[in-house]
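Accompanying notes for the structure given below.
Each value in this text was obtained by applying a stated rule to the coordinates, not by laboratory testing. Only a predicted model underlies this, so the values are computations on that prediction, with no experimental measurement involved. When we count neighbours, we look across all protein chains shown, and the Cβ atoms used for this are built from the backbone with ideal geometry, even at glycine.
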Amino acid sequence: MMRIELMSEENVAAAAKLAAACFTTPWSEDIYRRELENPQSIAFVCMDGERAAGFIHCSYVLDELTLNTLAVAEDCRRKGIARKLWQTVRELVTGMCTVCYLEVRESNLPAITLYQSLGFAQNGYRARYYQQPEEAAVLMMAEL
Ligand SMILES: CC(C)(COP(=O)(O)OP(=O)(O)OC[C@H]1O[C@@H](n2cnc3c(N)ncnc32)[C@H](O)[C@@H]1OP(=O)(O)O)[C@@H](O)C(=O)NCCC(=O)NCCS
């Protein structure tokens with residue numbers, strides 16, 4: 001049974017492990033652990049037993065939300081977990097945030113397709129934004 005929980009001391013190590021498996025320059029477990037103390041950050045983990053099947057990390061300033069990280073374990077993809085994680089954040093920020101911004105590698109078609117399906121549209125482009133490998137970022141935004 002998968003269950004979505006707030007990111008906490010209980011699941012932060014599992015989430016960081018998933019980040020390490022999904023990204024070439026992931027945030028470390030220490031960074032995620034420090035984020036637990038950040039009142040401006042919002043993060044949920046989808047737990048599958050002892051492991052994280054997915055997680056989302058956002059932060060906000062006033063009414064502007066930023067989606068920093070969204071990751072789902074390779075063998076758990078295309079089951080709606082990313083969509084569910086986003087909906088969980090969205091419900092939490094209803095009445096508080098009016099817009100969400102994010103950046104994504106331009107070759108990351110699964111993520112870009114996902115974000116479009118969630119109502120995001122491109123609002124910018126930054127050449128050579130990412131390293132390892134160097135790549136442009138597509139900037140996207142959604143009105144909430
Ligand atoms: C992008 C990612 C988070 C999607 O997670 P997911 O749980 O598989 O996504 P969902 O099952 O919720 O998909 C929802 C919709 O997104 C789109 N989508 C997701 N993966 C897709 C793919 N590989 N190709 C095309 N569309 C895709 C589809 O519209 C999908 O709806 P559908 O399955 O009904 O067609 C996952 O592929 C991932 O973790 N990738 C590696 C990390 C990453 O790139 N994160 C994003 C950058 S921060």
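Details
- Residues of region 37-87 classified as outside any helix (DSSP H, G or I), more than 7 Å from the ligand (Cβ to nearest atom) and touching a strand residue (DSSP E or B) at 6+ places or on another chain (Cβ under 6 Å), total: 22
Residues checked against (1) under 27 Å from A14 (Cβ atoms); (2) touching a residue at least 40 places away in the same chain (Cβ under 8 Å):
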site	(1), (2)
C58	yes, yes
L70	yes, yes
R78	yes, no
S117	yes, no
Y125	no, no
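- Restricting region 1-16 to residues that are touching a helix residue (DSSP H, G or I) at 6+ places or on another chain (Cβ under 8 Å) and part of a helix (DSSP H, G or I), the residue that is surrounded by the most Cβ atoms within 10 Å (Cβ to Cβ) is A15.
- Condition met for A136 (within 13 Å of the ligand (Cβ to nearest atom), surrounded by 13 or more Cβ atoms within 10 Å (Cβ to Cβ) and within 21 Å of F23 (Cα to Cα)): no
- Residue within region 32-42 that is buried (at least 17 other Cβ atoms within 10 Å of the Cβ) and more than 23 Å from E64 (Cβ to Cβ) present: no
- Region 91-116, residues that are surrounded by 11 or more Cβ atoms within 10 Å (Cβ to Cβ), among the polar types (S, T, N, Q) and either within 16 Å of the chain's Cα centre (by Cα) or assigned to a strand (DSSP E or B) (or both): N108, Q116
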